[in-house]
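Participant: Below you will find the structure I want to go over with you.
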Amino acid sequence: MAVKRGYGQFCPVALAAEILAERWTPLVIRELLCGSVRFNELQRGLPRMSSALLGQRLQKLQLDGIVEHRKNAAGSWEYVLTPSGRELRPIIETMGAWAQRWLRHDLVNPANLDPDLLMWDIRRNVVARFPSHGRRYVVEFDLSGVPVRKRRYWLVAEKDYVDLCYKPPGFEVDLFVSAALAVLTQVWLGHLSIDGALADGRLRLDGGRKDLSAFRAWFVLSSFAPFGAQAAGQPEIDLR
């Protein structure tokens, strides 16, 4: 019989760390807390994690009573957090807030920048506010400082659904957004204001007058952005 490797301590922190401090596990929980329920959705939020490893982590979280794999009302299989898993929200949020205050420069280190993750995060945050005007609405993002195949992304809204496309969707574009990957990431994290980035030309918008003015309304920043606007090391903000 395999012996479970742990810290060998009765300390609650040690026992929690045996489950939560395993590589990728906090990020899987983050994705579930952000609303991802299907395997492919989790993969899109964890683009550098292999499918095999994601499957292993999900299985382990099920064994630990943190995740449940069940059918929804439509008969599709979903991964959902149990009450034990949902109780981890303040822990994950505190980790992110702490990094915003104390590891800000590391967050935008070139080695940590990922256009696929950034665009997926943007997509799921803008869903509730993305304009449709009762018709299809398309925004094209053109990122510099990345390989050519990672340069262009499209958000396409039809009815109540917003899709993220990695290839030209073949529709007329309503608004063009251009920026370096590092700049758009800084804006998303709240390190750089939208107005400031637009004023100095680091963020550029091209479209009709209404589309330009609406950008600030639907481009919802990261939930950690309030901490990004602070100077490093300032007291914690209560997001509630």
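The values are calculated or read from the model by the stated rules, or taken from the named source; none is laboratory data. Just so you know, these numbers come straight off a predicted model, no measurement behind them. Cβ atoms come from the backbone with ideal geometry, glycine included; neighbour counts cover every protein chain shown.
Participant: As an exercise: evaluate Val177 against (1) part of a helix (DSSP H, G or I); (2) at pLDDT 95 or above; (3) over 22 Å from Ala111 (Cβ atoms) and give the number of the one condition it does not meet.
Facilitator: (1)
Participant: Output the residues belonging to region 135-151 that are closer than 15 Å to Gly170 by Cβ, of a type in the set (D, E, K, R) and modelled with pLDDT under 95.
Facilitator: Of everything in region 135-151, just one residue is closer than 15 Å to Gly170 by Cβ, of a type in the set (D, E, K, R) and modelled with pLDDT under 95, namely Arg136.
Each row is one residue, and each column tells you yes or no for (1) of a type in the set (D, E, K, R); (2) more than 17 Å from Asp116 (Cβ to Cβ); (3) in a loop (DSSP other than H, G, I, E, B).
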{"residue": "Leu15", "(1), (2), (3)": "no, yes, no"}
{"residue": "Gly35", "(1), (2), (3)": "no, yes, yes"}
{"residue": "Gln43", "(1), (2), (3)": "no, no, no"}
{"residue": "Met49", "(1), (2), (3)": "no, no, yes"}
{"residue": "Leu54", "(1), (2), (3)": "no, no, no"}
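Here's the yes/no breakdown for (1) free of Cβ contacts under 8 Å to residues at least 12 places away in the same chain; (2) under 20 Å from Gly228 (Cβ atoms):
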{"residue": "Arg38", "(1), (2)": "no, no"}
{"residue": "Ala52", "(1), (2)": "yes, no"}
{"residue": "Arg89", "(1), (2)": "no, yes"}
{"residue": "Trp98", "(1), (2)": "yes, yes"}
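Participant: Of all residues in region 146-193, how many are among the aliphatic types (A, V, I, L, M), surrounded by fewer than 15 Cβ atoms within 10 Å (Cβ to Cβ) and either within 21 Å of Arg129 (Cα to Cα) or in contact (Cβ under 8 Å) with a residue 12 or more places away in the chain (or both)? Walk me through it before giving the result.
Facilitator: Of all residues in region 146-193, those among the aliphatic types (A, V, I, L, M) come to 146, 148, 155-157, 162, 164, 173, 175, 177, 179-184, 187, 189, 192.
In the following step, the residues that additionally are surrounded by fewer than 15 Cβ atoms within 10 Å (Cβ to Cβ) were identified as 148.
With the extra rule that they be either within 21 Å of Arg129 (Cα to Cα) or in contact (Cβ under 8 Å) with a residue 12 or more places away in the chain (or both), the set shrinks to none.
Selection size over region 146-193: 0.
Participant: Also: Which fully enclosed helices (runs of 4 or more DSSP H) of region 79-120 have 3 or more residues being touching a Gly at 6+ places or on another chain (Cβ under 8 Å) and not aliphatic (A, V, I, L, M)? Let's see the steps before the verdict.
Facilitator: Working: elements: 83-86, 89-102, 104-107.
Those helices (runs of 4 or more DSSP H) span 89-102.
Participant: Answer with yes or no whether Leu53 is surrounded by 11 or more Cβ atoms within 10 Å (Cβ to Cβ), at pLDDT 95 or above and in contact with a helix residue (DSSP H, G or I) (Cβ under 9 Å, 6 or more places away or on another chain). Can you show your working first?
Facilitator: Numbers: surrounded by 11 or more Cβ atoms within 10 Å (Cβ to Cβ): yes; at pLDDT 95 or above: yes; in contact with a helix residue (DSSP H, G or I) (Cβ under 9 Å, 6 or more places away or on another chain): no.
No, not satisfied.
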